[in-house]
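Here the structure is laid out as structure tokens; the discussion comes afterwards.
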Amino acid sequence: MALFSQLSSIVLPVFICAFIGFLWTKNEQPFDTDLVSILVYKISVPCLIIATFSKVKLDPEALGTLGLASTVLLASGGLVSAVFLRLMGLRFSSYLPAMTFSLAGSMGLPVCLFAFGPEGLAQALVFFTVTSIGTFTVGAAISAGRMSLDKLIREPSIWAAALALWFLWADWTLPEWVVNTTWLLGGIAIPLQLFSLGSSLGELRVSSLSRAIWLSIIKLSLGFFLGVGIAEIFGLTGVSRSVLILQAVMPVAVSNYMFALIYRREPAEVAGMVLISTAITAITLPALLAWLLTGN
Amino acid sequence: MIGGLVVNFGVPCLIFSTLTRLKVSLADFGAAAGVFSIAVLANIIVSMIILRLMKRDVGTFLPGTVFANNGNMGLPLCLFAFGPEGLALGISIFVVSATANFLLGVSFASGKMSLRETLTAPHLYVVIAALGFLFAGIDPPRWLSNTTHIIGGMSIPLMLLALGVSLARLKVSSVGQSLILAAFRIGFGFGAGLVLSWLFGLEGTARGVLILQCAMPSAVLNYIIAARFDKEPGEVAGLVISSTVLSLVTLPALLFVVIHGLN
């Protein structure tokens, strides 16, 4: 019963918020995705990064290890998925980003926050930052067919992460007004991201579900085995191990659908993967959390 | 759309989450709301007299001189000056103020009472639910407190951003006389808060929150209502803007007084 209450306290807020976004769009209320993404990614997420790292003092070395582990996880996930896709004869440009990049922001952040408190959020932000860098460089390059660093440089959260890292390294403390302001603005990110997730899930145009189903299963189980294995290799324990594994098993990120839409890389197929992997997560996430929280 | 999300989900969740998390005593909650209502009444009476004397239309300007930005400006100030306890008391005042502002503001502007929109406002029911939990002495389930906590967390920053956006969009027609009314709004509010907290023996956070909330600049909602009923929105905008600008000067002094006391 205690475990059930704990699991519901982690999973339900995420699905309730997404459901609100879904209902909002289904009721034909306007949902200005552009405005929301500016509020979230240009303003709130950078603030969330700065505020969280000024409140949770992580050891810079442990932070580096987690960052490296996250990078290795994404890279190896991408490589293994590339082999799979080649064997199945599926196009990289359409499927590889979806197989590699997961919902580390809108779902990963609140799940890690509710499961492990502010310390969990801080570590989840490390993985999220690595994912964002990957999405904007490699992910965009695979979809667009060319690499461009422009987007990365114009992404405020990258600058915020660099700044937070620097302050952590130099052991400086930010003035209270900066902490208060960023903390306040950081509160926008998680609920708006989840509303936006629900709203876009409601608008996805899906085709052939069968391929989406098995690709999603491959992605999620691959994430699980890589997460457990890489945590082992890097000697991660406790919260950082759990955060890495949780983040590895998040569903396909909606941003993959956006890229697929922009570059016309079979968006309907990617939409199917987003939808199916999120639906599967509703079952696998509580199970995974139960496993992680009861100490395996 | 952002406004809709904040009003329908953000603010109700903020109210629920703050009230149930904090365990403010019902007596403190009621006292803050009650004393603030008296301040509003006093303000209405004195505003009527002053507006008559200045030969201005009472229906147009009264809401602007009486109702202040207790939500998007008052709440963050209460939070940062007095912590979560201050936020809880600030919310109790905000609920009274928002309800009365809507009810009386629309009534004055349209010339008739409209209970329907007031009664369909979600925050009233949320207050009742939160008070129910407090009264019964039980904690809400954790999934509910977590959900309302994160959704509530977006309200204050989004309200502040919206305040900036709406201030930038206001079409002001005259500033001269509105400056007098703005000074009245803040000055009388401050005086009323000071006197009432002394009369009712409020101390510490309760006193500070009351004075702070009473001395906020005129609410942006007044402009929205004035624009909807075409009651000289340009003039009301002048009042909102000039009182907000004035509060830039008065706020630091005000915060000093409520935090350190007068002596």
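Between B:Leu179, B:Leu196, B:Leu248, which is more than 17 Å from B:Ser47 (Cβ to Cβ) and assigned to a helix (DSSP H, G or I)?
Values: B:Leu179 fails: more than 17 Å from B:Ser47 (Cβ to Cβ); B:Leu196 fails: more than 17 Å from B:Ser47 (Cβ to Cβ).
So the residue among B:Leu179, B:Leu196, B:Leu248 that is more than 17 Å from B:Ser47 (Cβ to Cβ) and assigned to a helix (DSSP H, G or I) is B:Leu248.
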- Message: Tell me the residue from B:Leu212, B:Leu255, B:Leu246, B:Leu202 that is farther than 20 Å from B:Gly105 by Cα and touching a Lys or Arg at 6+ places or on another chain (Cβ under 9 Å), please.
- Response: B:Leu246
- Task: Within the stretch A:40-57, count every residue that is more than 12 Å from chain B (Cβ to nearest Cβ), crowded, with 18+ Cβ neighbours inside 10 Å and either under 29 Å from B:Pro140 (Cβ atoms) or at pLDDT 90 or above (or both).
- Result: 5
- Which residue pairs have Cβ atoms closer than 7 Å, lie 6 or more positions apart in sequence or on different chains, and pair a first residue in the stretch A:93-104 that is over 14 Å from A:Thr281 (Cβ atoms) with a second residue that is modelled with pLDDT of 90 or more and hydroxyl-bearing (Ser, Thr, Tyr)? A:Leu96/A:Ser81; A:Met99/A:Ser81; A:Thr100/A:Ser81; A:Phe101/A:Thr131
- Item | Pair list, Cβ < 7 Å and 6+ apart or interchain, from the stretch B:146-160 residues that are at the interface with chain A (Cβ under 7 Å from one of its Cβ atoms) to residues that are of a type in the set (Phe, Trp, Tyr) and surrounded by 24 or more Cβ atoms within 10 Å (Cβ to Cβ) | B:Asn146/A:Phe114
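When only residues in the stretch A:7-39 that are of a type in the set (Gly, Ala, Ser) and facing another protein chain (nearest Cβ under 7 Å) count, which is farthest from B:Leu158 (Cα to Cα)? Lay out the reasoning, then the answer.
Let us first name the residues in the stretch A:7-39 that are of a type in the set (Gly, Ala, Ser), namely A:8-9, A:18, A:21, A:37.
Subsequent filtering for residues that are facing another protein chain (nearest Cβ under 7 Å) retains A:8-9.
Values: A:Ser8: 28, A:Ser9: 25 Å.
Here the answer is A:Ser8.
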- B:Thr65 vs (1) touching a residue at least 40 places away in the same chain (Cβ under 8 Å); (2) more than 14 Å from chain A (Cβ to nearest Cβ); (3) farther than 19 Å from B:Asn222 by Cα: all pass except (3)
- Of all residues in the stretch A:161-179 being surrounded by fewer than 22 Cβ atoms within 10 Å (Cβ to Cβ) and touching a helix residue (DSSP H, G or I) at 6+ places or on another chain (Cβ under 6 Å), the one that is nearest to the other protein chains (Cβ to nearest Cβ): A:Val179
- Query: Taking the stretch B:169-208, which residues are loosely packed, with under 15 Cβ neighbours inside 10 Å, small (Gly, Ala, Ser) and within 30 Å of B:Pro84 (Cα to Cα)?
  - Reply: B:Ala183, B:Gly187, B:Gly201, B:Gly204
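Within the stretch A:191-220, work out how many residues are of a type in the set (Gly, Ala, Ser) and within 14 Å of chain B (Cβ to nearest Cβ).
First pass over the stretch A:191-220, keeping only residues of a type in the set (Gly, Ala, Ser): A:196, A:198-200, A:202, A:207-208, A:210, A:212, A:216.
Applying the additional criterion that residues be within 14 Å of chain B (Cβ to nearest Cβ) yields A:196, A:198-199.
Residues that pass the stated criteria total 3.
Of the residues A:Phe128, A:Phe101, A:Phe84, only one is surrounded by 18 or more Cβ atoms within 10 Å (Cβ to Cβ) and out of contact with any strand residue (DSSP E or B) (no Cβ under 9 Å at 6 or more places or on another chain); which?
A:Phe128
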- Query: When residues of the stretch A:159-197 are filtered for being part of a loop (DSSP other than H, G, I, E, B) and free of Cβ contacts under 8 Å to residues at least 40 places away in the same chain, how many remain?
  - Reply: 3
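The values are calculated or read from the model by the stated rules, or taken from the named source; none is laboratory data. Just so we're clear, the structure is a prediction, and the values are computed from it rather than from any experiment. Virtual Cβ from ideal backbone geometry, glycine too; neighbours counted across all protein chains shown.
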